[in-house]
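The values are calculated or read from the model by the stated rules, or taken from the named source; none is laboratory data. All figures in this text were calculated on a predicted structure; none of them were measured in a lab. We place every Cβ from the backbone using ideal geometry, glycine too, and count neighbours over all the protein chains shown. Calculation scope for accessible area: heavy atoms of the full protein, side chains included, ligands and nucleic acids excluded. Shrake-Rupley method; radii C 1.70, N 1.55, O 1.52, S 1.80 Å.
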Amino acid sequence: MHNVREITKDLYSIGGDDRKLSRFENIHPIPEGISYNSYLLVDEKTVLLDTVDLSISDNFIENVQEVLGERPLDYLVINHMEPDHAGSIGFIQEYYPDVKVIGTKKTFDLLDQFNFKTSEDNIVVKDGDTMSFGEHELMFISAPMVHWPETMATFDTSNGVLFTADAFGTFKSLDGKLFNDEVDFESDFLVPARRYYSNIVGKYGPQVQSLMKKASKLDVKYIAPLHGPVWRTDLEYILDKYDKWSKYEAEEQGVLIVYGSMYGNTEKAAEDLAKRLIQKGMTNIKMYDASKTHVSYLVSDAFKYSHIVLASATYNLNIYTPVQNFLLDIKSLNLRNRTVGIVGNGSWAPTAEKLMKEILGKMKDMDVLEESFTITSTMKEEDVPKMEALADSIIETLE
Ligand code: FEO
């Protein structure tokens, strides 16, 4: 049974939800599922904008057939070649063998690498190129590294729809909804949207900024991403979030505490710090056991809060592995511009504090507080003034 919704005249949403997949990219847990969006423009010519993951291709083909009826599919615009969107290109080429593919030069390299059919009819577009399909004219906007090098956005100059590939996407299935004004975004989608952005696109902040700069010159009325709701109201809300995230600016003054503890002693130290911060008036604190919570959630909150505290046992003369994974992950994602406090621990050769500082020293604009310190095995009375000083320092650096 098809599942199609009209977005605006001549434009249909023909993607779908995947609630079965447990981990996106086989890494990030998605307990609330994900949507793979695809769009079909029906004008004098018919134009498909991106396909969907193979997991929902059956339903997708039904949707395409429902909208096209007996008409042929003339063009396929590929904004992004990652398989969660490109997975069903083979089916489209099989059902509609005369379809002409539109993409950037790199799109066609990837099309070939993923073993899809390429032909002499391929249309290579560059930044700012336009093509008319009847009443609708599409402008192609190069958006490299948002989130792969071939990525582009596409703008319909006649109705103001901006197709943004992964940008402005989110984890979580749509459950029959389509538009942002049909969901409670703040309560239901903001957390999955932040976790999606920070983990999937977070590394490419400058490139997202570049796309936003190009988009700011257009009369955008709809934002149509490849995951999550289509924005047709309150565009400023999501643009503001993306502006902050892509500039690595904290959304909130608050403290993320991530600890790694084998026997509970580092955990007790982390709790002691949290209690002191709360007594000093900072209640916006989130604390995670790095061994219990998937790192994608920690990354997401690292993008949200202004301050990060890392409390780690020493393990095999190194940083406790789950804390190290978190730290290396935010380094790889180019997170910057945070104030960081450290509490190390170790019983016979404590190295965690020093090693965490070394990694943070290689990151941009990470301000490691001088009051960071190391406990030996357990927090003791003699450590109280040090913990108090660290808490004071955090409070003083909050805006
Ligand atoms: Fe949703 Fe980069 O793919």
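The table below gives the values:
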{"quantity": "Centroid-to-centroid separation of segment 368-399 and segment 114-167 [C-alpha atoms, Å]", "calculated": "52 Å"}
{"quantity": "At R0 = 41 Å, FRET efficiency that the Cβ-Cβ distance of residue 4 and residue 126 yields, to 0.05", "calculated": "0.80"}
{"quantity": "DSSP-defined beta bridges in segment 5-246 - what % are antiparallel, rounded to 5", "calculated": "70 percent"}
{"quantity": "Under the Karplus curve 6.51 cos²θ - 1.76 cosθ + 1.60, θ = phi - 60°, whole-Hz ³J(HN,Hα) for segment 250-259, x wherever Gly or Pro sits", "calculated": "5, 7, 9, 6, x, 10, 9, 10, 10, 10"}
{"quantity": "Pairs of Cα atoms farther than 29 Å apart, the chain, %", "calculated": "48 percent"}
{"quantity": "Estimated FRET transfer efficiency (residue 396, residue 317; beta-carbon r; R0 22 Å; 0.05)", "calculated": "0.10"}
{"quantity": "Part-to-part distance (alpha-carbon centres) for segment 20-69 and segment 293-314, which is given in Å", "calculated": "33 Å"}
{"quantity": "Most to least accessible of 258, 384 (protein chains only, probe 1.4 Å)", "calculated": "384, 258"}
{"quantity": "Residue with peak Gaussian network fluctuation, the chain [Cα springs, cutoff 10 Å], from 259, 237, 315", "calculated": "237"}
{"quantity": "Whole-Hz couplings from phi, Karplus 6.51/-1.76/1.60, listed for segment 132-143; x for Gly and Pro", "calculated": "9, 10, x, 6, 9, 10, 9, 10, 9, 10, 5, 9"}
{"quantity": "Calculated [θ] (222 nm, deg cm²/dmol) that DSSP helices of n ≥ 4 give over the chain, each run adding -39,500 (n - 2.57)", "calculated": "-9000 deg cm²/dmol"}
{"quantity": "Additional length obtainable on full extension of the chain from residue 71 to residue 203, 0.36 nm per residue less Cα span", "calculated": "43.4 nm"}
{"quantity": "Over segment 5-246, relative contact order from alpha-carbon pairs under 8 Å, at least 6 apart, %", "calculated": "17 percent"}
{"quantity": "Segment 252-397 - share of DSSP beta bridges that are antiparallel (%, nearest 5)", "calculated": "10 percent"}
{"quantity": "Within the chain: Cβ-based charge dipole about Cα centre, in debye rounded to nearest 20 (Lys, Arg +1; Asp, Glu -1)", "calculated": "1160 debye"}
{"quantity": "Antiparallel %, DSSP beta bridges [both residues in segment 24-125], to 5", "calculated": "40 percent"}
{"quantity": "Spin-label model distance (nm) - residue 137 vs residue 354, 7 Å beyond Cα toward Cβ", "calculated": "6.5 nm"}
{"quantity": "Selection from 197, 398, 14 lying farthest towards where the dipole of the chain points positive, charges on Cβ", "calculated": "398"}
{"quantity": "Under 5 Å, built H, 5+ apart or other chain: amide partners of residue 161", "calculated": "156, 221, 222"}
{"quantity": "Inter-probe distance in nm under a simple model that places probes 7 Å from Cα toward Cβ, at residue 284 and residue 213", "calculated": "2.9 nm"}
{"quantity": "Candidate lysines for bridging to residue 280, where Cα separation is under 27 Å - those fewer than 8 sequence places away on the same chain excluded", "calculated": "268, 304, 357, 380, 386"}
{"quantity": "Long-range HN-HN contacts of residue 257 with modeled amide H, under 5 Å", "calculated": "286, 287, 288, 309"}
{"quantity": "Accessible carbon and sulfur surface of segment 5-246 relative to its total accessible area, %, 1.4 Å", "calculated": "48 percent"}
{"quantity": "Shape category assigned to segment 160-308 from the gyration tensor of Cα positions, a/c cut at 1.5", "calculated": "prolate"}
{"quantity": "Three-way shape call for segment 252-397 based on the alpha-carbon gyration tensor, with the a/c threshold at 1.5", "calculated": "rounded"}
{"quantity": "Estimated FRET transfer efficiency when R0 is 22 angstrom, pair residue 113-residue 20 (beta carbons, to 0.05)", "calculated": "0.25"}
{"quantity": "Taking segment 296-399 and dividing mean pair separation by its residue count, relative contact order in percent (alpha carbons under 8 Å, at least six apart)", "calculated": "27 percent"}
{"quantity": "Cα gyration tensor shape for segment 1-132, rounded if a/c is under 1.5, else prolate or oblate", "calculated": "oblate"}
{"quantity": "Spin-label model distance (nm) - residue 362 vs residue 240, 7 Å beyond Cα toward Cβ", "calculated": "3.7 nm"}
{"quantity": "Added length on full extension, which subtracts the Cα-Cα distance from 0.36 nm per residue, residue 188 to residue 27", "calculated": "55.8 nm"}
{"quantity": "Whole-Hz ³J(HN,Hα) from phi, Karplus 6.51 cos²θ - 1.76 cosθ + 1.60, for segment 311-322, glycine and proline x", "calculated": "10, 9, 5, 8, 9, 6, 6, 10, 6, 3, 3, x"}
